[in-house]
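All remarks here apply to the structure that follows.
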Amino acid sequence: MPDIIQLLPDHVANQIAAGEVVQRPASVVKELLENAIDAEATQIKLLIKDAGKVLIQVIDNGKGMSQTDARLCFERHATSKIKKAEDLFNINTKGFRGEALASIAAIAHVTLKTRQESQELGTSIRVEGSEVKSQESVSTPKGTSIAVKNLFYNIPARRNFLKSNTIETRHIVNEFQRVALVHPNISFSFYHNDNEIYNLVASNLRQRIVAILGKKTNEKLVPINESTDIVAIEGFITKPEFAKKKRGEQFFFVNNRFIKNAYLNHAVTSAFEGLLAQGYYPSYFLYLTVPTKSIDINIHPTKTEIKFDDEKTLYAILRSTIKHSLGQYNVAPALDFDRDASMDTPYEFKNKHISTPKVSVNPDFNPFNAQKTRPTNFQQKASNWESLYTGIDVENIEVESEPVNSSMFTEEKSTHKTYQIQNKYIVSNIKSGVVYINQNLAHQRILYEEFLENSTVNEAASQQLLFPLTLAFSKDDVRIIEEIKSDLESIGFIFETISEEAVVVKGIPVNISESQITTIIEQLLDDIKNDVPDTSFSQLDIMAKSFAKSLAIKTGTKLDAKEQEEIVNKLFLCKEANYSPFGKKTFVIINIQEIDKQFNN
Ligand code: ADP
Ligand code: MG
């Protein structure tokens with residue numbers, strides 16, 4: 001048999017690679033803008049014609065390329081940005097793969113003009129479908145201009161697949177905004193068919209956001225600023241009263257790259273908890289800087305996902321930072337770390353008569369009751385547990401790479417030295433004294449949040465039952481189950497059939513065992529029937545509460561050290577660790593002073 005394997009010619013390989021890198025005109029825009037930034041340009045101009053289908057041109061005043069480089073840059077894996085494998089773990093440029101220009105040149109007509117400052121003349125190159133058509137010396141301004149014409153001219157299927165001009169332009173505007181929002185110090189202009197879309201002068205971040213999103217934005221912004229060893233967070237959120245019905249303006253940037261991350265988005269939204277009406281979303285512009293080693297950026301060029309080493313801690317820091325800022329700007333009571341003096345009366349105000357806004361805390365506050373009558377007043381219950389810990393070195397909390405809360409404990413991590421008393425309370429040493437955790441109520445809180453999280457953030461995990469379970473109910477009960485079927489499914493139930501007086505279950509949530517099913521569903525039906533109907537509260541919430549109550553470790557159950565530790569750790573990772581879902585305290589702290597007092601009497 002003859003050998004049949006051959007290496008693909010370069011232009012074919014490039015065309016294949018292009019299929020991945022260039023999905024639409026907006027992908028070209030992103031790559032070209034990023035190259036201009038990597039070239040240290042201070043002025044960047046983007047010109048497009050017919051949504052980029054006819055022309056995409058980026059002109060920059062960056063460092064330009066030499067004659068040889070101008071030719072080389074169209075080769076695959078040609079890059080000036082990394083040299084060796086180790087560089088991959090310390091990337092400070094936008095590009096590094098060296099495949100964008102090669103890919104683009106494989107599927108379009110490209111003209112590159114470039115000149116380095118030190119050179120009299122620049123160079124101009126024309127490439128069509130990976131083939132260099134001409135190269136000549138030209139007089140051209142310092143910097144680089146790349147014009148990409150007739151994108152996908154040699155891949156008709158791709159070209160036909162492009163959406164309407166409106167949609168493709170929308171994609172381009174999105175990419176442009178994402179880049180412009182990260183580099184306020186660079187001037188950008190953007191023209192579509194000779195109409196000016198944006199003309200952004202170099203400015204600070206706030207001005208850039210306002211320039212992109214409109215003057216009205218200015219009054220809406222609340223600054224965010226936090227710096228820890230794990231992450232530095234900067235940027236703005238919008239005040240809750242400006243929340244939107246759509247999730248439009250939500251921007252996360254990590255090390256100056258735009259990313260999407262549902263988990264971090266959840267951290268932000270949950271910091272707004274109780275401040276937004278249902279169905280409203282806050283806008284945000286958040287810039288996270290993390291050590292390059294702690295993220296995996298070596299991802300697909302068109303993907304906006306990113307992997308973090310320690311997402312949980314990031315979540316906690318992000319959430320508390322935002323809560324803190326909302327508090328500082330008096331849009332919500334300060335709930336979390338009061339970590340700087342900016343809440344104090346500034347010197348020049350000391351002698352003025354100012355009625356300081358008061359944060360009233362009602363120690364008897366029962367969030368469960370309050371939720372029913374005044375659902376907007378959540379924030380009162382949220383007096384976060386961190387604030388209960390006195391004398392903590394807050395700086396240290398933030399640099400812990402362990403889950404934030406474990407640093408609350410004086411003992412070394414993972415050996416919190418907990419013990420159980422009366423098979424009811426878990427007791428542990430903390431910096432300010434002793435904490436008593438009610439095992440049942442704490443576990444309710446943990447399970448409650450797990451159920452909610454599973455139904456909203458995660459894909460619910462189900463376990464398939466070996467034999468489907470037939471449960472008999474009254475007609476009335478079956479009707480209720482039918483009503484809440486989708487909520488039950490969202491947390492992991494799978495129903496085979498629901499008939500008039502029976503329900504056949506073939507899958508159940510992973511955190512429930514088969515033997516518990518009947519009891520918890522009966523309890524749930526009971527709870528739903530007895531709960532005063534309240535439109536502001538979803539069935540899901542009732543369901544999560546009911547299941548949490550049914551499944552939580554009961555008082556009187558002996559727990560081994562590991563189980564105790566798990567409760568403690570998970571509790572303090574909860575959003576509202578200090579109350580059970582029904583508004584009861586999950587733990588109490590006896591301060592060392594209080595103990596001292598007992599001895600002095
Ligand atoms: P990457 O950006 O991943 O290195 P590209 O294919 O986008 O790969 O670009 C290849 C190389 O061409 C870059 O590494 C850079 O040296 C050069 N280059 C591209 N665009 C510009 C530009 N606007 N100004 C100066 N050099 C550029
Ligand atoms: Mg590039």
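The values are calculated or read from the model by the stated rules, or taken from the named source; none is laboratory data. For clarity, every value in this text was computed on a predicted model and none was experimentally measured. So basically every Cβ, Gly included, is an ideal-geometry build from the backbone, and we count neighbours across all protein chains shown. Surface accessibility is based on the protein's heavy atoms, side chains included, excluding ligands, DNA and RNA. Shrake-Rupley method; radii C 1.70, N 1.55, O 1.52, S 1.80 Å.
In whole angstrom, and with the biggest value first, how far do the Cα coordinates of region 430-510 range along each principal axis?
So the three principal-axis extents are 58, 26, 23 Å.
So, by mean Cβ neighbours within 10 angstrom, what's the order for 89-97, 6-14, 174-182 with the highest one leading? Provide the component values of the computation, followed by the final result.
Details: 89-97: 15.8, 6-14: 12.8, 174-182: 20.8.
Ranked from most to least packed, the peptides come out as 174-182, 89-97, 6-14.
Going down the table (94/260; 83/149; 215/244; 506/549; 81/293), which pairs top 21 Å between alpha carbons?
Working: 94/260 17 Å; 83/149 31 Å; 215/244 17 Å; 506/549 23 Å; 81/293 17 Å.
Beyond 21 Å: 83/149; 506/549.
Could you sort the peptides 443-450, 493-500 by per-residue average Cβ neighbour count (10 Å cutoff), highest mean leading? Please list the in-between numbers first.
Details: 443-450: 24.1, 493-500: 14.4.
So the peptides 443-450, 493-500, ranked by packing, come out 443-450, 493-500.
Multiply the residue gap between residue 467 and residue 483 by 0.36 nm, knock off their C-alpha separation, and tell me the result in nm, one decimal place.
Details: separation 16, 0.36 × 16 = 5.76 nm, distance 2.46 nm.
Value of the extension gain: 3.3 nm.
How would 3, 60 rank on accessible area, largest to smallest, probe 1.4 Å? Kindly include the intermediate steps, with their values, before the conclusion.
Working: 3 150, 60 15 Å².
Solvent-accessible surface, decreasing: 3, 60.
Among the listed pairs 220/245; 312/570; 216/245; 239/545; 323/545, which have their C-alpha atoms separated by more than 19 angstrom in this model? Kindly include the intermediate steps, with their values, before the conclusion.
On the way: 220/245 16 Å; 312/570 11 Å; 216/245 17 Å; 239/545 30 Å; 323/545 25 Å.
Listed pairs above 19 Å: 239/545; 323/545.
Based on the mean of other beta carbon atoms within 10 Å per residue, what is the order of 217-228, 107-118, most packed first? Each step should come with its number before you reach the end.
Working: 217-228: 16.7, 107-118: 20.8.
Result, highest mean Cβ count within 10 Å first: 107-118, 217-228.
In whole Hz, what ³J(HN,Hα) sequence does region 8-14 give by Karplus (6.51, -1.76, 1.60; θ = phi - 60°), x for Gly and Pro?
With the stated coefficients, region 8-14 comes to 5, x, 3, 5, 6, 4, 4 Hz.
Lys and Arg at +1, Asp and Glu at -1: add these up for the other residues within a Cβ distance under 10 Å of residue 53 and post the number. Walk me through the numbers on the way to the answer.
Values: positive: 24, 49, 149, 159; negative: 50, 168.
Computed value for this residue: +2.
Using 0.36 nm per residue of separation minus the Cα-Cα distance, give me the extension gain between residue 429 and residue 585 in nm, one decimal.
On the way: separation 156, 0.36 × 156 = 56.16 nm, distance 1.83 nm.
Extra length from residue 429 to residue 585 when fully extended: 54.3 nm.
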